[in-house]
There are 2 protein chains.
Amino acid sequence: MNELSLIECVPNFSEGRNVEVIDAIVRSIASASVSILGVSSDVDHHRTVVTFVGSPDSVVEGAFRGAAAAAERIDLEAHRGVHPRIGAADVIPFIPLRGASLADCATLARRLGARMGDALDIPVYLYEAAATRPERVDLADVRRGGYEALKTAIQSDPTRAPDFGPARLGRAGASAVGARLPLIAFNVYLDTADVAVAQAIARAVRASSGGLTCIKALGLLVGGQAQVSMNLTDFRQTGLDVVLSAVESEARQHGARVERTELVGFAPQAALIDAALAALHLPNTARDLVLEARLGDITGDYRPIPFD
Amino acid sequence: MNELSLIECVPNFSEGRNVEVIDAIVRSIASASVSILGVSSDVDHHRTVVTFVGSPDSVVEGAFRGAAAAAERIDLEAHRGVHPRIGAADVIPFIPLRGASLADCATLARRLGARMGDALDIPVYLYEAAATRPERVDLADVRRGGYEALKTAIQSDPTRAPDFGPARLGRAGASAVGARLPLIAFNVYLDTADVAVAQAIARAVRASSGGLTCIKALGLLVGGQAQVSMNLTDFRQTGLDVVLSAVESEARQHGARVERTELVGFAPQAALIDAALAALHLPNTARDLVLEARLGDITGDYRPIPFD
C-alpha cells in the first residue's frame, strides 16, 4: 500500500431526511481530497450512504471529517428509523480497490478508529476483516440491540467494551469501523405481491440458513411487489449469475417468476464480465479477450480492478 | 480526430506459413510507433491477421509499412489457400476506438489508399464506410473471384477500376482498404459432428438470408465438431446474447445443443456488459453502475470505449 493505492470508503450516516445535515457531512468528506462517487439517502431508513475513493491517507481523513461532522449534527436520542444503528457515523468500511489488500484496509480502520476515539470521544468497534475478536466479525452482532441497548451494555457488559474510545455513549453514539471486499447489492423483483414467497426464497439462498456461500438475503415487500434483497459479499465465491439462477429456480417452485432486477450502488466490472461469460458459455480465459483490458496492458491508461 | 485519438487497424496478409515473412511484416508495422495487440496466423487459410492500435498518423504509417513489407515478400502467383483474397496485404480496415468517428477512419483509409497507389504501385479498393460506390461496401463484392479473376477484370471491366493506383495487377495483387466498426468473431460449438446442422443454423441466423441484422454466419466442421462461425458487425444492433439465443433455439429444432463458445480475437467490453445485463434481467441504465466506469469519470485513468 502506498499513496498511489486506491481505497473505497462507504460510510453510513444516521440521517436521511435533513438535506442541510447531509450536505454538511458530504462537504466535510469532500474537503479531504477524495472523490465522491455517490450519495444515496433513504427517508424510511432515515439513513445516508456516501461512496468515495482516494489514497489511503485521504480516505482516512475524509472518513474522520465526515464522522466529526455527523457527530456534531446528529442526535441519536432523537433518531427513529427502521434500520438497526448504533451511531451518527454508524458504520465505516474501507474497501481495497487497487494496490492495497484487505489487511491494508484493516490497518486504515484501526488508524481511523484510534483517532475517532481520541479526538471525537466516540466508542469504536472494529468489524469484519478489521475485527479484534471473532464475535465482532459480523456487523449484525456489533450493532445488536442498536443504540438503545448499547447505551447500558457498553458500561455493564465487558464483551461490549469498545476497541477504541470511551466505554460510554454520547448522543452521537458509537461507530463500527471495518475493512471488507466490495459488496454487490442486488435486488430481484418477483411477479407476485406475496412477501412470504420472497422470504422463503431468501431463506433458501442465503448462507446463514445453509444456502449459497457469501450471500445475505431478505424477503421484502417494495412498492407492493415481492423483492428478494441480497448482498453478495464475495462475487468470486458466488456470482450474480449463480445467485440469480438459484432465485429463479426457487421462485418456480412457488409458482412465481423473476420480473426484473436492480443493482443498488456500484458493482465491480469483473462481476458483470463473469456473468456474461457464464451466460454466453465462454471459458474464463475469455476475460483476457476484452479489448479494453488488452489496451490497458499496453497503454497503462486502463486498469480493471483485480479481484482474483 | 487528433493525435490523442486511438485507432485500431486489423490488416490481413496472404501468408500464414512462412514465419520469417510474417515476422518481417509484423516488425515493419511495429517500427511505426504502434502497439501490436495480437498476431494470428492460420496455416490452412495461409493467412495472418495482425491487430494493432495507435494514433491516426501512426496507424496509417504502420499499415503502409506492413503493406510495403508484404508486397516485397508475398507472390500471389504462388499463393494457394482456402480463403478468398486479392493481394499480399489483402484487406486493411481502420476501426475508431476513442476520439474518432467512422468517417474519420474513412479519411485514414483514403490517405493510406492514395499512398499505397502512388508509392507502392498497388491498386486499392475502398470498402465499407470508406467505399466510393454502393457496390463496393461489401468486402465480398470487392474480392469477387479473387486475385485470379481480378487480374483480367481490372483491365477489361470498368466497374472494377481501382480507387487508387494502376488498373493492373502485379504479383503483390490489390488491397481492400476500409473503415468499419469493431467486429466480434464468435464461434458456437454444437454437440454434433453433423456439419449440415451447423450450416442450417447459420442460414437461419445470418442477415444475408433473412436472419438477424448485422450477423454473418457459416456452418463449419472444426476438429470433428459442428461449429457455427459468426461475425457480429455491430453488436449494438444484434448482441452476443441475442445471437446465442437464436443459435440455441435453432439447434434445439435439430436435436442439438450448444456445448461451448469462443471469441476469436478481442471483443469490446461493452458487448460483454450488454450480455451480462440481459442475462441478469438488469436495465440498460445499470451500465452506469459499473464501478470502474464511474471511477474513470473522476480520475480520468479509465475510458471504456463509447460505442453508442
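FYI, it's all coordinate maths here, none of it is from the lab. Remember, predicted model here, so these are calculated numbers, not experimental data. Cβ: placed from backbone, ideal geometry, glycine included. Neighbour counts: every protein chain shown.
What the table below lists for this structure:
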item	result
Residue exposure sequence - B:Cys214, B:Cys9, B:Cys105 - by fewest surrounding Cβ within 10 Å	B:Cys214, B:Cys9, B:Cys105
Antiparallel %, DSSP beta bridges [both residues in the range B:6-179], to 5	70 percent
Amide H contacts under 5 Å for A:Ala129, placed H, 5+ residues apart	A:Ala179
³J(HN,Hα) computed for each position of the range B:33-42 - Karplus, 6.51 cos²θ - 1.76 cosθ + 1.60, integer Hz, glycine/proline x	6, 10, 10, 7, 8, x, 10, 10, 10, 10
Dipole in debye (nearest 20) - the range B:100-232, about Cα centre, beta carbon charges: Lys, Arg +1; Asp, Glu -1	240 debye
Using θ = phi - 60° and Karplus 6.51 cos²θ - 1.76 cosθ + 1.60, couplings along the range B:55-66 (whole Hz; Gly, Pro as x)	6, x, 4, 6, 6, 5, 5, x, 5, 5, 5, x
Dipole magnitude of the range B:6-179, debye to nearest 20 (Cβ charges: Lys/Arg +1, Asp/Glu -1, about Cα centre)	160 debye
Descending semi-axes in Å of chain A, equivalent ellipsoid built from Cα gyration tensor	32, 26, 17
Sorted by Cβ neighbour density within 10 Å, fewest at the top, the residues B:Leu244, B:Leu272	B:Leu244, B:Leu272
Residue order, fewest to most surrounding Cβ atoms within 10 angstrom, among A:Tyr147, A:Tyr125, A:Tyr189	A:Tyr189, A:Tyr147, A:Tyr125
Copies compared at A:Gln155 - label distances in nm, ascending, label defined 7 Å from Cα in the Cβ direction	10.7
Shortest-first nm distances, B:Ala78 label point to equivalent points in other copies (7 Å, Cα→Cβ)	9.1
Hz values of 3J(HN,Hα) by residue in the range B:124-131 - Karplus curve (6.51, -1.76, 1.60), Gly and Pro given as x	10, 10, 7, 10, 6, 5, 9, 4
Cα-based reach from B:Lys216 at 19 Å (exclusive), listing aspartates and glutamates while leaving out same-chain residues under 8 positions away	B:Glu128, B:Glu135, B:Asp138, B:Asp141, B:Asp234, B:Asp241, B:Glu248, B:Glu250, B:Glu262
Shielding by partners - mean other protein chain Cβ count within 10 Å, residues of A:35-42	2
Beta bridge orientation in the protein assembly as shown: antiparallel %, DSSP, nearest 5	80 percent
Top of A:Arg287, A:Arg115, A:Arg98 by mean-square fluctuation, Gaussian network on chain A, Cα under 10 Å	A:Arg287
Most positive-pole-ward Cα, B:His46, B:Ala70, B:Val59, against dipole of the range B:37-117 from beta carbon charges	B:Val59
Nonlocal amide H pairs with A:Val91, under 5 Å, H built at 1.01 Å	A:Asn12, A:Ala176
Sorted largest first, extent of the protein assembly as shown alpha carbons per principal axis (Å)	100, 52, 38
Fluctuation leader among A:Asn231, A:Asn18, A:Asn187 - chain A, Gaussian network, Cα springs under 10 angstrom	A:Asn18
Label point at B:Asp234 placed 7 Å out along Cα→Cβ; residues across the range B:126-145 whose backbone nitrogen lies under 13 Å	B:129
The range B:177-229-the range A:209-246 distance, computed between alpha-carbon centres (Å)	37 Å
Most mobile of A:Glu259, A:Glu248, A:Glu148 in a GNM of chain A (Cα contacts under 10 Å)	A:Glu259
Calculated label separations, A:His281, copies of the chain, 7 Å along the beta-carbon direction, nm	2.3
Distance between the range B:84-107 and the range A:44-63 - C-alpha centres, whole angstrom	46 Å
R0 of 45 Å, Cβ-Cβ distance A:Ile36-B:Asp75: FRET efficiency to nearest 0.05	0.10
Magnitude of the charge dipole, chain A, Cβ model with Lys/Arg +1 and Asp/Glu -1, debye to 20	520 debye
